[in-house]
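*Asks:* This is the structure I have questions about; it appears just below.
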Amino acid sequence: MTRMLRAVTLSTMFTAALISAFGCNVQRVEYAQAEPEAPRTAAVVWWQEGGAYRSAWVEAHGDEPTSRERRPEAVIATGNGLWAFRRTFAGRMDLAASCACVYGTPEPHESCAPHPTSIDAEAFVRLSDGRVVGAGSPGSGDGLVEFGRGVDLESSLGGTTVIGIHDDVYACGAHGIYSDAIAWIDLDERLGPLPSPVPASEGLSRLISTASQQFSDDEEMKGCIADPPNPELYAAHLAFDHGNARLAYEFTTFAPYYCGEGPGHYSRATTVPSSDEPPVAAELHTIPAFVTAFLGTLPKNARFGGYGFARNSDFTIFASAPIPPPKSGT
């Protein structure tokens, strides 16, 4: 982020002290004040509509927003370029040939040679050069017969994005194993994972108490979760409240598989809003009026995902970068 450098003028008192101390003439220098940064007038906004991601280049013209271009995919505007959220190659895994091979009881003449498998998953692809930043390698396929990964783009502010990672694994048990995680990704500087925000210790007990009450008050959870529940902090999310960005915290409590609709299918979840500000530049904490006005033009079923201020030089890339055909799994 660009920081305004402010020139500091020597005070009259400090100048006099120098003259007295060194017995010499000190010329007072007046520094020109830096010009205030011009208001941001262009942003890339993305949203979900009917299960599909969409984005638009939006500019402020007076009090009215103008959408100059749209794309049928989510695009994140950052200080490090424009990033599209797409399904792409994530890595390779050697999966087991069969459960019999996993258990060491293959049929006669059955080959237990591992099956090299290409894994695709959603990731961020920079439109200018194709660089990919994702959730990381899926890891080893030892003992696994099937593996699938899906990644959801949950929200973003500038280059700070929040994604949900969902792995579906079959390792020859009674049913599949489901792994869910929330990850914060920095597309501005680190080009990789960020530490997930956590509430201050003095506020955590209050959030846990609220989560416990929400669990207890939810009639659908009665008979599924323990009474009283035992909430544990699961993840931090970006939330937008009346045009302001804040953090919301998700808590989970154990639930049996048959009614576990939360992360991993062995939990139930509830989300508690907070007044905590997200770890992004202050200029992003309040959604600009022209972005808010543009959101008012979207269909009622559209879900706002995020925005980032855009550089005018990036418009040509946004408007003309090719869009590949969708990969299977989208």
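*Asks:* Report the percentage of all Cα-Cα pairs in the chain whose separation exceeds 35 Å, rounded to a whole percent.
*Replies:* In whole percent, the share of Cα-Cα pairs in the chain beyond 35 Å is 39.
*Asks:* Where does each of 239-247, 296-304, 208-216 land if you order them by average Cβ count within 10 Å, highest first?
*Replies:* Highest-to-lowest ranking by the protection proxy: 208-216, 239-247, 296-304.
*Asks:* Taking only Cα atoms, what is the 0 to 90° angle, nearest 10, from helix 201-217's long axis to the longest principal axis of the chain?
*Replies:* Roughly 40 degrees, rounded to the nearest 10.
*Asks:* Residue by residue through the range 235-246, what is 3J(HN,Hα) from phi via Karplus (6.51 cos²θ - 1.76 cosθ + 1.60, θ = phi - 60°)? Round to whole Hz and write x for glycine and proline.
*Replies:* 3J(HN,Hα) across the range 235-246, in whole Hz: 6, 9, 10, 7, 9, 10, 10, 6, x, 10, 8, 9.
*Asks:* Take every Cα pair under 8 Å in the range 63-222 that's 6+ residues apart, average their separations, divide by the length, and report that relative contact order as a whole percent.
*Replies:* With pairs under 8 Å counted, the relative contact order is 18 percent.
*Asks:* Sort 316-322, 264-270, 92-98 by the packing proxy (mean of other Cβ within 10 Å over each peptide's residues), most packed first.
*Replies:* Those peptides, ordered most packed to least, come out 264-270, 92-98, 316-322.
*Asks:* If you don't mind, there's one more thing I want to ask. With the Cα gyration tensor of the range 198-277 in hand, give its eigenvalues times 5 under a square root as the equivalent ellipsoid semi-axes, listed largest first in whole angstrom.
*Replies:* 23, 13, 11
*Asks:* Could you list the square roots of 5 times each eigenvalue of the Cα gyration tensor of the range 114-171, that is, the equivalent ellipsoid semi-axes, sorted largest first and rounded to whole Å?
*Replies:* 26, 14, 7
*Asks:* Then there's this: Taking the 0 to 90 degree range and rounding to the nearest ten, how far is the long axis of helix 12-22 tilted relative to the main principal axis of the chain, both from C-alpha atoms?
*Replies:* That works out to roughly 70 degrees.
Only the coordinates and a few stated rules stand behind these numbers; no lab work does. Computed from a prediction, not measured in an experiment: that's the story for all the values here. Backbone-built Cβ (ideal geometry, glycine too); neighbour counts: all protein chains shown.
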